[in-house]
Amino acid sequence: MASLGDMKWFSKKKEDGEPVAVSRVSSGISDGNSAVSEESMPGDRILNKSALSSGEKAKSEKSKHHLSKLPFSGVSVETAGLPPGTPQYIGDAEPTLATYCLYCYDEISAVMRTPEDISELLALIDLNVVNWININGLSGGIVEKLCGMLGIHPLVIEDIMNTEHRPRFENYDDYLFLITKMITANEDGSIEYDQVSFLLKGKLLISFQEKPGDCFKAVRDRIMSGAGRLRKHGADYLLYALLDSIVDNYFIVLEMLGDRLEQFEEASDSESDQEFFHGIQGLKREFSRMRRIIWPVRDSIAALSRTESIQMDVSLSPYLRDLYENTVQAIEALESYREHATSMIELHLSEVNTNMSRVMTLLTILSAIFIPITFIAGIYGMNFAYMPELNKPWGYPAALVFMAAVVIAELIYFKKKKWM
């Protein structure tokens with residue numbers, strides 16, 4: 001059995017110390033060292049980025065200023081001022097201690113191992129079969145040590161550790177790197193967003209997850225049971241299967257949010273305005289966040305389907321195109337839900353304004369009715385000694401009858417004007 005430690009391809013370096021050329025595909029914003037060329041599919045940009053020299057050392061202190069972090073910017077207080085390629089965990093939650101397992105399989109058999117350390121893990125890798133290293137958690141130095149032993153570029157290691165990066169695809173000389181986002185729904189209905197990074201290198205696929213818990217159970221079951229065509233293909237097909245599970249989970253979460261949207265629509269009359277707007281605005285925020293995630297994932301899959309890297313078999317192109325279409329459908333469903341939520345808010349606001357207008361109309365009519373009555377009562381309430389009908393026995397009922405006649409006349413007038 002040929003182990004990974006006996007092979008040279010995983011630690012490829014140029015003897016003269018020159019950087020390895022990198023072809024980066026990203027839907028984010030390129031830096032000054034990137035050349036941009038448009039491709040056929042919309043939203044994709046190929047960035048040919050020269051890797052930094054491994055011998056370059058820059059000394060800089062961490063920034064002490066609190067910087068506001070933009071979505072998927074990868075910039076935070078922890079990374080401000082650090083040299084490029086410095087691996088440091090960046091994320092919303094505390095880092096989880098890294099654990100890992102190894103799946104080795106071919107068409108005949110499959111085995112899952114949990115080695116004690118990285119050295120044992122690398123020794124267990126069999127290059128004659130497909131190998132999948134699944135790492136859960138990004139702390140403990142496991143990522144840096146493993147990637148360092150595999151000859152992975154420092155910038156890639158930095159991107160793996162920074163969970164705020166925008167999903168993207170990068171094509172290096174001897175491996176592929178892909179960042180995507182996994183969206184899962186908890187039992188309490190809350191939505192979790194976790195970054196999953198992939199490294200594909202020959203028959204070796206490594207997945208890096210922020211923490212345990214994912215949507216890959218069906219893939220693991222297929223590996224161990226031998227069901228389907230998964231074990232008949234290489235590591236590139238495994239990458240496709242994992243991406244397909246992530247995209248399928250988008251639809252599960254979207255369906256759950258769609259059901260919640262329908263519940264708000266049905267209960268809009270019974271709920272208070274504050275509860276309704278709070279719930280709908282929460283759904284709109286989730287839709288907007290999912291849109292910021294699924295859109296670049298779609299572009300990354302499109303770039304992966306067009307890559308000419310030797311890491312990807314050309315027979316996978318139809319599968320990747322189908323996966324691309326699934327992301328397009330997810331975006332269309334997402335946009336439909338967002339528009340529906342917006343229309344629900346506008347309709348509810350219209351109903352609130354209509355009800356308010358009715359109340360104001362009623363108050364205006366009541367005010368108009370009582371103005372002449374108050375005027376008549378004010379006249380006869382003046383404290384003068386001589387006033388008409390003051391000493392008449394029928395003066396009081398006559399005043400009441402006159403007031404009632406005024407009210408009836410006003411009501412008839414308002415009715416004819418259709419103000420009531």
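The values are calculated or read from the model by the stated rules, or taken from the named source; none is laboratory data. What you see is a predicted model; the values in this text were computed from it and never measured. FYI the Cβ positions are ideal-geometry reconstructions off the backbone, even for glycines, and counts take in every protein chain you see.
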Worksheet entry | Filter result (farther than 27 Å from Asp273 by Cα, touching a residue at least 12 places away in the same chain (Cβ under 8 Å) and under 60 Å from the mean Cα position of the chain (by Cα)) within segment 350-391 | Ala368, Ile369
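For segment 199-216, give me the residue count where each residue is under 13 Å from Ile246 (Cα atoms) and out of contact with any helix residue (DSSP H, G or I) (no Cβ under 6 Å at 6 or more places or on another chain).
Within segment 199-216, the first condition is being under 13 Å from Ile246 (Cα atoms), and the residues that meet it are 207, 209, 213-216.
This time we only want the ones that are out of contact with any helix residue (DSSP H, G or I) (no Cβ under 6 Å at 6 or more places or on another chain), so: 207, 209, 213-214.
Number satisfying all stated conditions: 4.
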Fill in: Extreme residue, modelled with the lowest pLDDT, among residues of segment 190-241 that are among the polar types (S, T, N, Q) and surrounded by fewer than 18 Cβ atoms within 10 Å (Cβ to Cβ)
Ser190
Discussion item. Please count how many residues of segment 298-331 are more than 20 Å from Met182 (Cβ to Cβ), assigned to a helix (DSSP H, G or I), in contact (Cβ under 8 Å) with a residue 60 or more places away in the chain and of a type in the set (A, V, I, L, M, F, W, C).
Written reply: 1
Worksheet item: Is it the case that segment 324-342 has a residue that's surrounded by fewer than 11 Cβ atoms within 10 Å (Cβ to Cβ) and β-branched (Val, Ile, Thr)?
Response: no
Discussion item. Being under 30 Å from Val129 (Cβ atoms) and assigned by TED's automatic domain parsing to the domain that holds Ala185 is the requirement here; does Ala303 meet it?
Written reply: yes
Practice prompt. Keeping to segment 278-303, report how many residues are more than 18 Å from Ile246 (Cα to Cα), out of contact with any helix residue (DSSP H, G or I) (no Cβ under 9 Å at 6 or more places or on another chain) and modelled with pLDDT of 90 or more.
Written response: 1
Worksheet entry | Count of segment 245-277 residues which are modelled with pLDDT under 90 and of a type in the set (Ser, Thr, Tyr) | 3
Worksheet item: How many residues does segment 175-194 contain that are without any contact (Cβ under 8 Å) to a residue 40 or more places away in the chain and either touching a helix residue (DSSP H, G or I) at 6+ places or on another chain (Cβ under 9 Å) or outside the structural domain of Met312 (by TED's automatic domain parsing) (or both)?
Response: 1
Fill in: Residue check, Tyr413 within 59 Å of the chain's Cα centre (by Cα) and surrounded by 11 or more Cβ atoms within 10 Å (Cβ to Cβ)
yes
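I'd like to check which helices (runs of 4 or more DSSP H) are fully inside segment 104-174 and have at least 1 residues that are of a type outside the set (S, T, N, Q), in the same structural domain as Trp295 (by TED's automatic domain parsing) and over 32 Å from the mean Cα position of the chain (by Cα). Let's see the steps before the verdict.
Values: elements: 118-124, 142-149, 154-161.
Ranges flagged: 118-124, 142-149.
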Item to complete: Within segment 109-123, count every residue that is buried (at least 17 other Cβ atoms within 10 Å of the Cβ) and either in contact (Cβ under 8 Å) with a residue 40 or more places away in the chain or touching an Asp or Glu at 6+ places or on another chain (Cβ under 8 Å) (or both).
Response: 2
Discussion item. Here's a check for you: in segment 271-319, which residue that is over 19 Å from the mean Cα position of the chain (by Cα) and among the charged types (D, E, K, R) is surrounded by the most Cβ atoms within 10 Å (Cβ to Cβ)?
Written reply: Arg306
Worksheet item: Pick from Ile293, Ile246: which is over 30 Å from Val129 (Cβ atoms) and touching a residue at least 12 places away in the same chain (Cβ under 8 Å)?
Response: Ile293
